[in-house]
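First up is the structure itself, then whatever we jot down about it.
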Amino acid sequence: MSDATPASFGYAAIIIVTLTTVLVGALAVRLSRTTRDFYVASRTVPPWLNASAIGGEYLSAASVLGVAGLILLQGAGGLWFPIGYAAGYLMLLLFVAAPLRRSGAYTVPDFTGARLRSRSVRRATSVLVIVIGWFYIVPQLQGAALTVSIATGLPPWAGSVAVALIVGVIVAAGGMRSITFVQAFQFWLKLTAVALPAIVMLVVVGGRDLGVAAATAFPAALGPAAVNPYATASLAIALLLGTLGLPHVLVRFTTNPDGAAARRTTLITVALLVTFYVFPTTIGMLGRVFAPDLATAEQADSVALLLPGRLVDGLAGDLLGALIVAGAFGAFLSTSSGLVVSLAGVISQEVAGGTVRGFRVAALASTLVPLLVVLMIEPAGLAGSVGLVFAFTASTLSPLLVLGVWWRGLTARGALAGMLTGAVACAVAVGLGVLRVPGAGASGDGGDGSGGLGEALMGAAPLAADWAPWLQAALAAPAAWTIPLAVLVTVLVSRYGGGSPPVDVDRILARLHLPERRRPKPQ
């Protein structure tokens with residue numbers, strides 16, 4: 001019995017998902033006629049459809065493959081990722097979802113520029129959105145490379161190129177309205193693709209003698225008692241607050257009819273995500289018993305793809321493996337599509353005047369840079385890579401959005417200073433944390449939950465290997481100090497930096513917080 005799904009099944013799964021995605025997108029293109037259709041689907045997306053679409057774009061390579069890999073590597077320590085991914089939407093519900101929709105903005109830079117009446121803030125936010133989007137697309141293309149390579153035997157670059165090409169064409173053709181239907185379909189595909197194999201594998205092993213002691217499969221060294229308090233807290237903060245600033249998530253709330261619908265969308269999204277994460281977590285736990293040989297930084301992300309072939313005999317195992325391949329490929333398509341939509345919206349607004357033609361050109365361009373990056377670097381742990389993006393987002397855009405919604409004293413100078421501080425601090429920490437000295441042996445986990453991100457990137461010894469343990473921990477998991485630093489700088493510069501809030505700040509905040517039927521009309 002082979003671990004990997006036969007190439008013919010892998011090809012079939014990828015082709016079926018691709019053709020279905022293109023078909024759904026093509027049918028929805030007929031509904032995309034106006035600029036509002038391309039940017040915000042004319043603000044008519046109901047909560048259930050929008051929640052499904054959010055689940056479709058949010059459940060990325062890190063969720064479908066990376067969570068199972070982390071559970072395989074770290075046991076209970078890896079549970080913080082699915083918990084944080086789902087709980088981040090509670091923060092969205094409390095602080096951002098409804099006010100952002102009531103703002104009337106098309107994009108995150110639209111919101112920040114209008115809130116602070118500052119072109120400089122808008123431009124800085126645009127740059128951050130583009131950088132974050134590119135960084136987030138890279139793990140999706142790396143996951144596609146891994147999946148296509150295992151499922152078909154093709155070289156890894158083929159998967160990255162295929163996803164970039166499909167996403168660029170679909171987004172350019174139909175914009176937000178088209179992608180909404182595509183992503184909603186792909187959420188239910190992904191849920192089925194991980195739930196059915198997980199349930200079948202549980203049934204298969206239910207009456208089987210595991211042949212291994214629980215203490216061997218789940219050693220105390222990787223249990224809750226071994227969790228590093230600082231690293232865990234920093235990771236949890238990054239995941240909770242990072243969700244607040246993800247541009248492809250935030251832009252979806254602008255498609256709801258009103259603020260109340262945005263809140264309902266968020267509640268439904270939390271329920272959908274909690275349901276989904278039960279299954280990759282289950283696959284990771286099964287992997288600790290039946291696939292311990294895959295518990296390395298290089299192979300852990302493949303456990304969801306290979307485990308069905310080990311536990312289920314014959315055709316049934318091959319079909320389950322093909323189903324996971326289909327779900328994984330759908331994840332790369334849907335998440336990348338959401339990111340490209342948000343990037344294209346920002347780029348076209350800032351450079352091309354917000355035209356449909358500008359949106360289409362920007363969509364194609366938005367896939368090119370991440371693809372070139374993927375083709376030039378070695379892959380890293382999927383969940384760890386996405387976790388670093390969350391830390392960067394939580395240190396830059398999240399403080400600006402929360403303070404912009406809830407604090408009238410925020411100024412343009414404070415916002416710029418806070419964003420710059422968070423970006424530089426997080427970038428320096430991550431850079432020093434993953435920088436390697438060539439020619440030395442790699443050792444250990446970086447402590448960021450990535451299963452050895454730096455080792456996977458460079459295969460050399462960490463630059464900070466001989467530094468004080470507390471400094472190594474601070475660099476490996478920076479969110480616990482970069483976020484407070486960014487907030488502190490934002491507040492201090494806003495209060496003492498010589499600037500002042502917009503003269504109409506009270507009217508702006510009333511628009512954000514009052515229900516639509518009671519808010520002030522635009523003057």
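Once both labels are positioned 7 Å from their Cα atoms along Cα-to-Cβ, the gap between Val503 and Asp293 label points is 7.4 nm. Assuming R0 = 45 Å, can you tell me the calculated FRET efficiency for the pair Leu165 and Tyr496, based on Cβ-Cβ distance, to the nearest 0.05? Efficiency, from the Cβ-Cβ distance: 0.30. 3J(HN,Hα) along segment 8-14, derived from phi through the Karplus expression 6.51 cos²θ - 1.76 cosθ + 1.60 where θ = phi - 60°, amounts to 5, 5, x, 4, 4, 4, 5 Hz, with x in place of Gly and Pro. Computed over protein heavy atoms with a 1.4 Å probe, the accessible surface of segment 282-349 works out to 22 Å² per residue. Applying 1/(1 + (r/R0)^6) with r as the Cβ-Cβ distance of Ser120 and Thr232 and R0 = 41 angstrom yields a FRET efficiency of 0.65. Highest mean packing first, where packing is the average number of other Cβ atoms within 10 Å per residue, the peptides 297-308, 140-151 line up as 140-151, 297-308. Annotation: extensible slack from Trp188 through Val127 equals 18.7 nm (criterion: 0.36 nm per residue apart, minus Cα-Cα distance). Grab the beta carbon distance between Trp48 and Asp258, set R0 = 25 Å, and tell me the FRET efficiency rounded to 0.05. That gives a FRET efficiency of 0.95.
Would you please state which residues of segment 79-93 a label at Leu267 would reach in this model, taking the label point 7 Å out along Cα→Cβ and a backbone N cut-off of under 18 Å? So the set is 87-93.
The values are calculated or read from the model by the stated rules, or taken from the named source; none is laboratory data. Please read these numbers as outputs of a predicted model, since none were measured by experiment. We place every Cβ from the backbone using ideal geometry, glycine too, and count neighbours over all the protein chains shown. For the accessible areas, the whole protein counts, side chains as well, though only heavy atoms, and no ligand, DNA or RNA atoms are used. Shrake-Rupley method; radii C 1.70, N 1.55, O 1.52, S 1.80 Å.
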